[in-house]
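Reviewing the structure listed below.
The values are calculated or read from the model by the stated rules, or taken from the named source; none is laboratory data. Quick caveat, the model's predicted, so the values are computed rather than measured. Reconstructed Cβ throughout: ideal geometry from the backbone, glycine too, with neighbour counts over all protein chains shown.
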Amino acid sequence: MTYFIYLICLFPFAYLVRFSVGGIPTTLLEILIYVSVIFTLFIKIYKKDKIIFPDIKILFPVLLFVLAGVFSVFISPDKTQALGLFKAYIIDPILFFLVIYTNIKDEKQFDLVIKSLILSGFIVSIHAIIQKSMNIGIDEGRVVGIFGYSPNYLALYLSPLAALTWINFNNYYPTNKKYFWIYLLIFLIMLMAILLSGSRAGIGSLVLGVFIFYFIKYYRFIKSNKSILFVLIFVFVAGLYFTWQNMKPDFRQNPESLRAATSNNIRWEIWKTTIYDIIPKNSNWLKGVGLGNFQNYFTDLTKGRINYPEWVSPWALTPHNIFINIWINLGALGLIAFIWILAIYFQKSKENIKYMSMFAVVMFVILAQGIVDSAYWKNDLALIFWILFGLSLLDINTNHSRSIN
């Protein structure tokens, strides 16, 4: 069963293989997840083992998240699309989270899940580099990778896995030089693919992740040396300033001249319209606009505005922010549940001394990218999020995963 879990962690992008079963659209990833659930139930029943679930304090916000999804399906104008998103972004990854929690029981299995994720990033990176070398899959000089649509999707997938690789690369030095060099090579290949994607958010979030990793690793030393702490604060503030200078919109442009504006301006208009014109209206702040209905709602709202139909609405697939995206799709209940889940994640990560920095850094990378993009709203990204959440609950410091209260 655990090898089947490693297989799914190795191929989160298996959702790209799409087909129908009995007229119902599905993906290879979805089938693999369902098979893992069936295998888990079969093995537990055959061995007469008790199926262990996380504590109700952990399951409660997860159930609220699912409930918010159910409600959003009901209010969505397109029920078919909403149901598809509901099972792909909520049900499927949560089912796999429960499979991981039930089956991963010791540090060796935990480590193999991590290695599978890293190898997955390596495979995607090699594909992206080959694309660049052959000059295929290029969008305005940027590599789109295996996902075939947006270069940002490539960076959203790779940056957290690159951070995961960097942490493991550091953990093997100097105890195991062989793995040290292997992880370093994999990290450099991932870094090259991220650079080829041209995603500023991907590059910036990875840099932030490395910064946070070393801050956590040498926290006691930094805390006892005020001068170093001052320098790090200065570097962090300077980094924020540099990031703002690169990400800020051109305020000299107005909506009528969006054709000449950068992607920063388009993203800014999406944020502004969502926050000021969508969320406050018709109780959208409470219930959202319906699962998968954001772009249609945005397009209909702005169809009479100059340049919006041509230059803004086509890019408004999501609100380009992970929290606003959850809020507008799943309503206030979904946002509260998501933040609650994150709070549990960081609390459990803090308790897991050996892997605390790994859990914290990878999630910070995801959330940093999520400031300017929807770092959850995709089959593979949602799956990786729930894999991390499942792993964070496992108490493997003592090779025992069931001491959570």
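Return yes or no: is residue 128 part of a helix (DSSP H, G or I) and either touching a strand residue (DSSP E or B) at 6+ places or on another chain (Cβ under 7 Å) or among the acidic types (Asp, Glu) (or both)? It would help to see each step written out before you state the result.
Numbers: part of a helix (DSSP H, G or I): yes; either touching a strand residue (DSSP E or B) at 6+ places or on another chain (Cβ under 7 Å) or among the acidic types (Asp, Glu) (or both): yes.
Criteria met by residue 128.
Scan segment 297-326 residue by residue and report those that are touching a Gly at 6+ places or on another chain (Cβ under 9 Å) and surrounded by fewer than 23 Cβ atoms within 10 Å (Cβ to Cβ).
Here is the first cut: in segment 297-326, the residues touching a Gly at 6+ places or on another chain (Cβ under 9 Å) are 297, 321-323, 325-326.
Residues satisfying the conditions are 297, 321, 323.
Of the conditions (1) within 20 Å of the chain's Cα centre (by Cα); (2) buried (at least 18 other Cβ atoms within 10 Å of the Cβ), residue 7 fails just one. Which one is it?
(2)
Restricting attention to segment 262-293, and to residues there that are buried (at least 21 other Cβ atoms within 10 Å of the Cβ) and among the small types (Gly, Ala, Ser), which single residue is nearest to residue 318 (Cα to Cα)?
Top of the filtered list is 292.
Scanning for something within 30 Å of residue 209 (Cβ to Cβ), of a type in the set (A, V, I, L, M), touching a Leu at 6+ places or on another chain (Cβ under 7 Å) and at pLDDT below 95, does segment 266-273 turn up at least one residue?
Filtering segment 266-273 for residues within 30 Å of residue 209 (Cβ to Cβ) gives 266-272.
Still in the list and also of a type in the set (A, V, I, L, M): 266, 270.
Next, from what is left, pick out any that are touching a Leu at 6+ places or on another chain (Cβ under 7 Å): 266.
Keeping just the survivors that are at pLDDT below 95 gives 266.
Yes: segment 266-273 contains one or more residues that are within 30 Å of residue 209 (Cβ to Cβ), of a type in the set (A, V, I, L, M), touching a Leu at 6+ places or on another chain (Cβ under 7 Å) and at pLDDT below 95.
Here's the yes/no breakdown for (1) closer than 23 Å to residue 376 by Cα; (2) crowded, with 16+ Cβ neighbours inside 10 Å; (3) hydrophobic (A, V, I, L, M, F, W, C); (4) free of Cβ contacts under 8 Å to residues at least 12 places away in the same chain:
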| residue | (1), (2), (3), (4) |
| --- | --- |
| 120 | yes, yes, no, no |
| 133 | no, no, no, yes |
| 138 | no, no, yes, yes |
| 145 | yes, yes, no, no |
| 152 | yes, yes, no, no |
| 163 | yes, yes, yes, no |
| 179 | no, no, no, yes |
| 190 | yes, yes, yes, no |
| 210 | yes, yes, yes, no |
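For segment 333-365, how many residues meet the condition of being without any contact (Cβ under 8 Å) to a residue 60 or more places away in the chain, surrounded by fewer than 22 Cβ atoms within 10 Å (Cβ to Cβ) and of a type in the set (S, T, N, Q)?
The number of residues fulfilling the criteria is 2.
Please pick out the residue among 357, 374 that is of a type in the set (S, T, N, Q) and closer than 20 Å to residue 147 by Cα.
On the way: 357 fails: closer than 20 Å to residue 147 by Cα.
Exactly one of 357, 374 is of a type in the set (S, T, N, Q) and closer than 20 Å to residue 147 by Cα, namely 374.
Hey, which of the helices (runs of 4 or more DSSP H) in segment 288-405, taking only ones fully inside, have at least 2 residues that are under 20 Å from residue 93 (Cβ atoms)?
Details: elements: 294-302, 322-351, 356-370, 379-392.
Answer list for segment 288-405: 322-351, 356-370, 379-392.
Would you mind stating whether residue 13 is out of contact with any strand residue (DSSP E or B) (no Cβ under 8 Å at 6 or more places or on another chain), within 15 Å of residue 387 (Cα to Cα) and either at pLDDT below 95 or not in a loop (DSSP other than H, G, I, E, B) (or both)?
So residue 13 passes the test.
Out of curiosity, is residue 380 free of Cβ contacts under 8 Å to residues at least 40 places away in the same chain and of a type in the set (D, E, K, R)?
On the way: free of Cβ contacts under 8 Å to residues at least 40 places away in the same chain: no; of a type in the set (D, E, K, R): yes.
Answer is no for this residue.
Is at least one residue of segment 64-81 at pLDDT below 95, in a helix (DSSP H, G or I) and under 22 Å from the mean Cα position of the chain (by Cα)?
Yes, some residue in segment 64-81 is at pLDDT below 95, in a helix (DSSP H, G or I) and under 22 Å from the mean Cα position of the chain (by Cα).
Looking for whichever is more than 20 Å from residue 187 (Cα to Cα), modelled with pLDDT of 95 or more, of a type outside the set (D, E, K, R) and more than 16 Å from the chain's Cα centre (by Cα) here; the options are 119, 95. Which one fits? Talk me through it step by step, then tell me what you get.
Values: 119 fails: more than 20 Å from residue 187 (Cα to Cα).
That would be 95, the only listed residue that is more than 20 Å from residue 187 (Cα to Cα), modelled with pLDDT of 95 or more, of a type outside the set (D, E, K, R) and more than 16 Å from the chain's Cα centre (by Cα).
Within segment 199-210, is there a residue that is within 20 Å of residue 355 (Cβ to Cβ), out of contact with any helix residue (DSSP H, G or I) (no Cβ under 7 Å at 6 or more places or on another chain) and in the same structural domain as residue 132 (by TED's automatic domain parsing)?
Checked segment 199-210: no residue is within 20 Å of residue 355 (Cβ to Cβ), out of contact with any helix residue (DSSP H, G or I) (no Cβ under 7 Å at 6 or more places or on another chain) and in the same structural domain as residue 132 (by TED's automatic domain parsing).
Which one is surrounded by the most Cβ atoms within 10 Å (Cβ to Cβ), of the residues in segment 366-379 that are within 9 Å of the chain's Cα centre (by Cα) and closer than 24 Å to residue 168 by Cα?
375
Collect the residues in segment 33-71 that are surrounded by 18 or more Cβ atoms within 10 Å (Cβ to Cβ) and touching a Ser or Thr at 6+ places or on another chain (Cβ under 8 Å), keeping them in residue-number order.
Residue satisfying the conditions is 40 alone.
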